[in-house]
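Novice: Here it is, the structure in full.
The values are calculated or read from the model by the stated rules, or taken from the named source; none is laboratory data. For clarity, every value in this text was computed on a predicted model and none was experimentally measured. Here the Cβ is made from the backbone with ideal geometry for all residues, glycine too, and neighbour counts use every protein chain on show.
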Amino acid sequence: MKNIEFRTATSAQGGLIVMGGVPGVAAGSRVQLRDHAGRLRSGLVIRSADDAVLVEVFEGTDELDLERTWVRFLDEPFKLPVSRDILGRIFNGAGLPRDGRPPIISADRRDVNGEPLNPAARAYPREFIQTGISAIDGMNSLTRGQKLPIFSGGGLPHNRVAAQIVRQAKLLGEAASEFVVVFAAFGASHADARFFEESFEESGVLNKVVMFLNLADEPVIERLLTPRAALTAAEYLAFDLDYHVLVVMTDMTAYAEALREVAVLRGDVPARKGYPGYLYSDLAEIYERAGRIKNRRGSITMIPVLSMPSDDITHPIPDLTGYITEGQIVLGRELSNQGVYPPVTVLPSLSRLMKDGVGKNFTREDHPHVASQLFASYAKALEVRGLAAIIGAEELSDADRRYLEFANAFEHKFIGQGEDEDRSVFETLNLAWDLLSMLPADALIRVSEEELAKYHKGQATVAAA
Amino acid sequence: MGKILEINGPLVKLELPETVLGEQVRVGRLGLVGEVIGRDGNTALAQLYEDTAGLRPGEEATGLGWPLSVELGPGLLGAIFDGVQRPLEAVWQQSGDRMARGVAVPSLPRDKRWHFVPDPHRRAGTALAGGDVLGTVQETESILHRILTPPLIHGELLELAPEGDYTIEEILGRVRKFDDTIEKLHLFHRWPVRTPRPFRKRDHAIAPLITGQRILDTFYPLLKGGKAAIPGPFGAGKTMLQQQIARWCNAEIVIYVGCGERGNELTDVLEFMPELKDPHTGRPLMERTLLVANTSNMPVVAREASVYVGITLAEYFRDQGLDVVMVADSTSRWAEALREVAGRLGQMPVEEGYPAYLGSRLAAFYERAGRVETMAGHHGSVTLIGAVSPPGGDFSEPVTSHTKEIIQTFWALSKELADARHYPSVDWLESFSGYIGSAAKWWAENVDPNWERERAEALDLLSASEELQRIVNLVGVEALSSEQRWTLEAAGLIKEGLLQQSAIDEIDSFASPEKQYALLSGLLEIFRQGMKLVKLGAPARRLIQMPLLSQARRWKSQHTSEDIAALKAKIAQIPGEFEKLMLEYEQTA
């Protein structure tokens, strides 16, 4: 069947083409199309019956006709050739080279859809990754094998934060980064892609990076393939070659929009905001490919970047993502406008795996308590700030005024840091205690009394002041 | 024998005459399994539990002759199954790290021998009814597995094997049914998951399920055999709370269904459960736990089936006379699986794309919970706790609102509380429990007769403080009277010293009913004593500085549930502390 070209298209519209009279076509099989000018396109069978086969064309159906379109069914799913040589290479969304170098030749070709990991085979992520960013390490720490997205908005420095994490991420006690990086951009602008490329180049890791780029002006349907191709490469590097892989994907919103576009064409019933009901499952197929496997050395740690449409965290894309990923780092416009970099809004940020990766045997014994105390004190401080905005700072009690000072110091000294500033987790914790010492000890009930005695440098009570 | 006509995502159109709705089918060269959900003339529509990529029209399809069923017998406990009861450990051994398709591994181990002790009442020639206990197998040290007669078999017992070691496939006995056919008995039997298992009658639920979580047990109790929902936006701590319940609750069997949730969460449960001890028996928790895992990246149709697999397993243990808790995380993912299939079937969507039968399916599912008198005359219960994941945290969405009408206990999680790291983030204003009356009876008999009154007083205090907080947010704390300021302070004390509970603090993680009540009454005592003083004219500003207040906030993590005496001693000193202040105040005045 692979060698027969069919010319039996019966209809074509918006990226989909229907082929008549091709019996026995495998669902999910890859398709090659040749149009009247001899150009090749690729596609995927999404519905198969003897009398009609529905094909999704990645490059779109523009300039196709029914009479002069030849279709070949390749009888296998989309596969990505993998070998050690993919490191340092740049591919398009479908896994073809876009760096002008020859294609990867390998007998080892992997189905880009992957196969779900048996939950019994997973190993729980526990190794603390130091990113050198206080807001992350101190309060929302990342572990090897975790998927921790950055929720952002247009104009916020999510790319710079992601690049900083890539530059600085390492295990405690490790001299330099041991990671290889798989970078996937879909729907990203040329400028964004160049920013990352230059950032990788500057930090000298370019030969340890694999890039998959589908930029904003490139075929939309190909975007559905881009993260899958990238993750297939990541799985190969992690579980065949034992690398620790950091996967950075941007922008998940562009991906979900591409999915919606295709779903509408297919006639799928829309659920929320026009997104198909299977958006959750589809996103999960991507995110759940992060992780660790028992008896394997490598790991996949995933940092997807997602811009929240109109900064709305309840929009289906961030919402469903939050239900799948193990936390989120939320960037906020307010902090960014005040010149705080990285503008991490800590209260809605969260790392679900933090509880098992920090503390006594991992970082320092007071870490979980300090994190919890910072959250509680900062939440209280924000309440006070809200109050001060109404009744004026002069009307505040002494205790409240200290919270106000704490909030400012916390935002500028703890969250705020330089783009090249690589703080160790101990520096971060000591800094946290400096700030907590601005508050009286008896207001700090999330830390233990021993920890207060050891680290707290301020007064015991407000009255003592 | 039939064949495939069309493949559309997880749905496959088959030419398969005479098939029955609900029948299991095996399809294609890969041997993928699914179930028939529609018939039209000679064609049948089937939904498959596995990814359909690679299937072709023309490949063969066969009906298997039975509906989706589970195997019930020894070997269940401590296991982890997928959404259609495939044992994931065994599948892993057989097919590697990734879920291969078309794997056929029996749910229960076939080669393991179990030590069977027949029930002395079962003698050849006596009558045998469905659900009767044939004998027992000590499956784990803490769980005695009662071997049950399949529910629909009635007749005369012809023979029953003597005490000894048997595999589950060996013939254990024979029954002559009333229609004179002979039925063989085994250590296990099969039951279709979409049919509730029969029982004699429903009983009243009487005892609360003790979870060790203060906000749940003390404020919004759930009874054994009750129905509860935990709705919460992402990041509100839903998973943590459910794991805490699975870990500490005083049920005999816990069934944890991970329906469309994260893979690492299940790994977490799998890794930490065996290390933990059951607080009630001292045995490893895994011995009483059973996991059904269909993670979010596993096929969607099996996800829909997984909650039924879970509840059928729960009913089976209930029928042995045990108290079972089933945690379904999350029912929203189950509903979404329903929606996805409905969408592909072209059924008319009603709300947010959900089919019209969402409400009735949910209700029928929750109705499988309850405390019953089993066919054998024992009492057993299934307590059902369903997590709900409302999109955007909006409780008015279809799954949450339908669920709210069905359940009795509603533990609403709040994003605001979670953001301030107030855990468990159960909102004390939005939550409710319809079981207060029955629970009060139990608390009065077992802990303290004043429980109901103290609980109500604490809730009053919390809601009064909510009003006051609004005023403070508008005009500042100075605008409050001394009494109001003290009320606000005392509510803060209740929130931090009682409602907040740390899952990672060894002492605080679990609180016995006695400890819960001691803390409740102790903190209220502080409030009342202080109020007395304030009413006499003492300024609240002075009271707020009492070291007692920050000390009381630490009581929860200083005293274990066994160490109540020391806590009570501290509480007994409360009036003295206030008297000292009173004297001081009188002198200065």
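Novice: Would you check which residues across the stretch B:51-72 are away from chain A (no Cβ under 12 Å) and at negative phi and list them?
Specialist: Answer for the stretch B:51-72, where residues must be away from chain A (no Cβ under 12 Å) and at negative phi: B:Glu60, B:Ala61, B:Thr62, B:Gly63, B:Leu64, B:Trp66, B:Pro67, B:Leu68, B:Ser69, B:Val70, B:Glu71, B:Leu72.
Novice: Is it true that some residue in the stretch B:267-287 is buried (at least 24 other Cβ atoms within 10 Å of the Cβ), out of contact with any Ser or Thr (no Cβ under 9 Å at 6 or more places or on another chain), within 13 Å of chain A (Cβ to nearest Cβ) and under 18 Å from B:Leu88 (Cβ atoms)?
Specialist: Yes, because at least one residue in the stretch B:267-287 is buried (at least 24 other Cβ atoms within 10 Å of the Cβ), out of contact with any Ser or Thr (no Cβ under 9 Å at 6 or more places or on another chain), within 13 Å of chain A (Cβ to nearest Cβ) and under 18 Å from B:Leu88 (Cβ atoms).
Novice: What's the number of the condition B:Asp165 fails, among (1) more than 26 Å from the chain's Cα centre (by Cα); (2) farther than 30 Å from B:Lys277 by Cβ; (3) of a type outside the set (A, V, I, L, M, F, W, C)?
Specialist: Evaluating B:Asp165 over (1) more than 26 Å from the chain's Cα centre (by Cα); (2) farther than 30 Å from B:Lys277 by Cβ; (3) of a type outside the set (A, V, I, L, M, F, W, C) leaves (2) as the failure.
Novice: Only one of B:Ser438, B:Ser433, B:Ser396, B:Ser414 is within 14 Å of chain A (Cβ to nearest Cβ) and surrounded by 16 or more Cβ atoms within 10 Å (Cβ to Cβ); which?
Specialist: Working: B:Ser438 fails: within 14 Å of chain A (Cβ to nearest Cβ); B:Ser433 fails: within 14 Å of chain A (Cβ to nearest Cβ); B:Ser396 fails: surrounded by 16 or more Cβ atoms within 10 Å (Cβ to Cβ).
Unique residue meeting the criteria: B:Ser414.
Novice: Let me ask something additional. Is one or more of the residues making up the stretch A:227-240 in a helix (DSSP H, G or I), within 14 Å of another protein chain (Cβ to nearest Cβ), free of Cβ contacts under 8 Å to residues at least 24 places away in the same chain and small (Gly, Ala, Ser)?
Specialist: Scanning the stretch A:227-240 turns up no residue that is in a helix (DSSP H, G or I), within 14 Å of another protein chain (Cβ to nearest Cβ), free of Cβ contacts under 8 Å to residues at least 24 places away in the same chain and small (Gly, Ala, Ser).
Novice: Please go through the stretch A:325-345 and pick out each residue that is at the interface with chain B (Cβ under 9 Å from one of its Cβ atoms) and either farther than 17 Å from A:Ser372 by Cα or in contact with a helix residue (DSSP H, G or I) (Cβ under 7 Å, 6 or more places away or on another chain) (or both).
Specialist: Scanning the stretch A:325-345 gives A:Thr325, A:Glu326, A:Gln328.
Novice: Moving to a separate point now. Restricting attention to the stretch A:47-59, does a residue exist that is at the interface with chain B (Cβ under 10 Å from one of its Cβ atoms), free of Cβ contacts under 8 Å to residues at least 24 places away in the same chain and more than 35 Å from the chain's Cα centre (by Cα)? Walk me through how you get there before you give the answer.
Specialist: Of all residues in the stretch A:47-59, those at the interface with chain B (Cβ under 10 Å from one of its Cβ atoms) come to A:47-54.
From what is left, the residues that are free of Cβ contacts under 8 Å to residues at least 24 places away in the same chain are A:47-49.
Checking the rest, the ones that are also more than 35 Å from the chain's Cα centre (by Cα) come to A:49.
The answer is yes; a qualifying residue exists.
Novice: Would you point out the residue of the stretch A:294-341, among those that are touching a Phe, Trp or Tyr at 6+ places or on another chain (Cβ under 6 Å) and of a type in the set (Val, Ile, Thr), that is surrounded by the most Cβ atoms within 10 Å (Cβ to Cβ)?
Specialist: Let us first name the residues in the stretch A:294-341 that are touching a Phe, Trp or Tyr at 6+ places or on another chain (Cβ under 6 Å), namely A:296, A:298, A:306, A:308, A:316, A:318, A:320, A:322-325, A:328, A:330.
Adding the requirement that they be of a type in the set (Val, Ile, Thr) leaves A:324-325, A:330.
Numbers: A:Ile324: 24, A:Thr325: 30, A:Val330: 25.
If we take residues in the stretch A:294-341 being touching a Phe, Trp or Tyr at 6+ places or on another chain (Cβ under 6 Å) and of a type in the set (Val, Ile, Thr), then A:Thr325 is surrounded by the most Cβ atoms within 10 Å (Cβ to Cβ).
Novice: Restricting attention to the stretch B:48-69, which residues are part of a loop (DSSP other than H, G, I, E, B) and of a type in the set (A, V, I, L, M)? I'd like the intermediate steps shown before the answer.
Specialist: Looking only at the stretch B:48-69, we keep the residues that are part of a loop (DSSP other than H, G, I, E, B), and these are B:49-59, B:68.
Correct list: B:Ala53, B:Leu55, B:Leu68.
Novice: Determine whether A:Gly298 is within 10 Å of chain B (Cβ to nearest Cβ) and among the small types (Gly, Ala, Ser). If you could, list the steps in order and put the result at the bottom.
Specialist: Numbers: within 10 Å of chain B (Cβ to nearest Cβ): no; among the small types (Gly, Ala, Ser): yes.
In short, no.
Novice: May I pose another question? What number of residues within the stretch A:4-46 are more than 14 Å from chain B (Cβ to nearest Cβ), in a loop (DSSP other than H, G, I, E, B) and not small (Gly, Ala, Ser)?
Specialist: The first filter runs over the stretch A:4-46 and keeps only residues more than 14 Å from chain B (Cβ to nearest Cβ), leaving A:4-15, A:17, A:32-43.
Still in the running and in a loop (DSSP other than H, G, I, E, B): A:4, A:7-8, A:14-15, A:35-39.
Adding the requirement that they be not small (Gly, Ala, Ser) leaves A:4, A:7-8, A:35-36, A:39.
Total satisfying the criteria: 6.
Novice: Hey, among A:Gly322, A:Gly277, which residue is touching an Asp or Glu at 6+ places or on another chain (Cβ under 9 Å), more than 24 Å from A:Ala216 (Cβ to Cβ) and within 12 Å of chain B (Cβ to nearest Cβ)? Spell out how you get there, then give the answer.
Specialist: Values: A:Gly322 fails: touching an Asp or Glu at 6+ places or on another chain (Cβ under 9 Å).
Sole residue among the options that is touching an Asp or Glu at 6+ places or on another chain (Cβ under 9 Å), more than 24 Å from A:Ala216 (Cβ to Cβ) and within 12 Å of chain B (Cβ to nearest Cβ): A:Gly277.
Novice: Here are A:Tyr403, A:Tyr378: which of them is out of contact with any Ser or Thr (no Cβ under 9 Å at 6 or more places or on another chain), crowded, with 22+ Cβ neighbours inside 10 Å and not assigned by TED's automatic domain parsing to the domain that holds A:Ser310?
Specialist: Working: A:Tyr403 fails: out of contact with any Ser or Thr (no Cβ under 9 Å at 6 or more places or on another chain).
Only one candidate qualifies: A:Tyr378.
Novice: Counting only residues that are of a type in the set (Gly, Ala, Ser), over 17 Å from B:Cys259 (Cβ atoms) and at pLDDT below 95, how many does the stretch B:361-394 have? Before you say what the answer is, go through the steps one by one.
Specialist: Let us first name the residues in the stretch B:361-394 that are of a type in the set (Gly, Ala, Ser), namely B:363-364, B:369-370, B:376-377, B:380-381, B:386-387, B:389, B:392-393.
Next cut, over 17 Å from B:Cys259 (Cβ atoms) only: B:363, B:370, B:376-377, B:380-381, B:392-393.
Within this subset, residues satisfying the condition of being at pLDDT below 95 are B:376-377, B:392-393.
Residues meeting the conditions: 4.
Novice: Grab the helices (runs of 4 or more DSSP H) fully contained in the stretch A:389-465, keeping just those with 3 or more residues being more than 18 Å from A:Asn140 (Cα to Cα).
Specialist: Values: elements: A:398-409, A:425-436, A:449-455.
Those helices (runs of 4 or more DSSP H) span A:398-409, A:449-455.
Novice: Please go through the stretch A:101-148 and give me each residue that is of a type in the set (Gly, Ala, Ser), touching a residue at least 24 places away in the same chain (Cβ under 8 Å) and within 12 Å of another protein chain (Cβ to nearest Cβ), ordered by number.
Specialist: A:Gly114, A:Ala121, A:Ala123, A:Gly145
Novice: Could you tell me whether any residue of the stretch A:53-69 is outside the structural domain of A:Glu261 (by TED's automatic domain parsing), under 26 Å from A:Met211 (Cα atoms), part of a strand (DSSP E or B) and not β-branched (Val, Ile, Thr)? Walk me through how you get there before you give the answer.
Specialist: Residues of the stretch A:53-69 that are outside the structural domain of A:Glu261 (by TED's automatic domain parsing), as a first pass: A:53-69.
Restricting the remaining residues to those that are under 26 Å from A:Met211 (Cα atoms) gives A:56-60.
Adding the requirement that they be part of a strand (DSSP E or B) leaves A:56-57.
Keeping just the survivors that are not β-branched (Val, Ile, Thr) gives A:56.
Yes, there is a match, as at least one residue in the stretch A:53-69 is outside the structural domain of A:Glu261 (by TED's automatic domain parsing), under 26 Å from A:Met211 (Cα atoms), part of a strand (DSSP E or B) and not β-branched (Val, Ile, Thr).
So that you can scan it fast, the table gives a plain yes or no per residue for (1) in contact (Cβ under 8 Å) with a residue 24 or more places away in the chain; (2) assigned to a helix (DSSP H, G or I):
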{"residue": "B:Gly386", "(1), (2)": "yes, no"}
{"residue": "B:Phe395", "(1), (2)": "yes, no"}
{"residue": "B:Val399", "(1), (2)": "yes, yes"}
{"residue": "B:Lys404", "(1), (2)": "yes, yes"}
{"residue": "B:Arg421", "(1), (2)": "no, no"}
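Novice: Sticking with this structure for a sec: Please go through the stretch A:333-379 and pick out each residue that is over 26 Å from the mean Cα position of the chain (by Cα), without any contact (Cβ under 8 Å) to a residue 24 or more places away in the chain and in a helix (DSSP H, G or I).
Specialist: none
Novice: Still on this model: Name every residue in the stretch A:45-60 that is closer than 30 Å to B:Gly28 by Cβ and of a type outside the set (Gly, Ala, Ser), in order of residue number.
Specialist: Of all residues in the stretch A:45-60, those closer than 30 Å to B:Gly28 by Cβ come to A:45-58.
Matches in the stretch A:45-60: A:Val45, A:Ile46, A:Arg47, A:Asp50, A:Asp51, A:Val53, A:Leu54, A:Val55, A:Glu56, A:Val57, A:Phe58.
Novice: Follow-up. In the stretch B:251-266, how many are more than 14 Å from chain A (Cβ to nearest Cβ) and of a type in the set (S, T, N, Q)?
Specialist: The initial filter retains those residues of the stretch B:251-266 that are more than 14 Å from chain A (Cβ to nearest Cβ), namely B:251-255.
Among the residues that remain, those that are also of a type in the set (S, T, N, Q) are: none.
The qualifying residues number 0.
Novice: Same structure, new question: Of everything in the stretch B:492-530, what is in a helix (DSSP H, G or I), under 35 Å from the mean Cα position of the chain (by Cα) and polar (S, T, N, Q)? Give them in sequence order.
Specialist: B:Gln516, B:Ser521
Novice: Report yes if B:Ile210 is β-branched (Val, Ile, Thr), in contact with a Ser or Thr (Cβ under 9 Å, 6 or more places away or on another chain) and assigned to a helix (DSSP H, G or I), otherwise no.
Specialist: Details: β-branched (Val, Ile, Thr): yes; in contact with a Ser or Thr (Cβ under 9 Å, 6 or more places away or on another chain): yes; assigned to a helix (DSSP H, G or I): no.
Here the answer is no, as B:Ile210 does not meet what is asked.
Novice: A:Ser307: hydroxyl-bearing (Ser, Thr, Tyr), touching a residue at least 24 places away in the same chain (Cβ under 8 Å) and more than 12 Å from chain B (Cβ to nearest Cβ), yes or no? Can you show your working first?
Specialist: Values: hydroxyl-bearing (Ser, Thr, Tyr): yes; touching a residue at least 24 places away in the same chain (Cβ under 8 Å): yes; more than 12 Å from chain B (Cβ to nearest Cβ): yes.
The answer is yes for A:Ser307.
Novice: Additional query: Which condition does B:Val472 not pass, out of (1) at pLDDT 95 or above; (2) in a helix (DSSP H, G or I); (3) not small (Gly, Ala, Ser), if it passes all the others?
Specialist: With respect to (1) at pLDDT 95 or above; (2) in a helix (DSSP H, G or I); (3) not small (Gly, Ala, Ser), B:Val472 is out only on (1).
Novice: For the stretch B:159-213, enumerate the residues that are among the acidic types (Asp, Glu) and over 23 Å from B:Val137 (Cβ atoms).
Specialist: Narrowing the stretch B:159-213 to residues among the acidic types (Asp, Glu): B:159, B:163, B:165, B:169-170, B:179-180, B:183, B:203.
B:Asp179, B:Asp180, B:Asp203 - these are the residues of the stretch B:159-213 that are among the acidic types (Asp, Glu) and over 23 Å from B:Val137 (Cβ atoms).
Novice: Mind listing just one residue for me: the one in the stretch B:475-491 that is in a helix (DSSP H, G or I) and not hydrophobic (A, V, I, L, M, F, W, C) and, of those, nearest to the other protein chains (Cβ to nearest Cβ)?
Specialist: As a first pass, look at the stretch B:475-491 and keep what is in a helix (DSSP H, G or I): B:475, B:477-479, B:482-491.
Restricting the remaining residues to those that are not hydrophobic (A, V, I, L, M, F, W, C) gives B:478, B:482-485, B:487, B:489.
Details: B:Glu478: 7, B:Ser482: 15, B:Glu483: 18, B:Gln484: 15, B:Arg485: 11, B:Thr487: 17, B:Glu489: 12 Å.
Of everything passing the filter in the stretch B:475-491, B:Glu478 is nearest to the other protein chains (Cβ to nearest Cβ).
Novice: For the stretch B:360-371, name all the residues that are closer than 11 Å to B:His402 by Cβ and surrounded by fewer than 19 Cβ atoms within 10 Å (Cβ to Cβ).
Specialist: Passing the criteria: B:Ser360, B:Arg361, B:Ala363.
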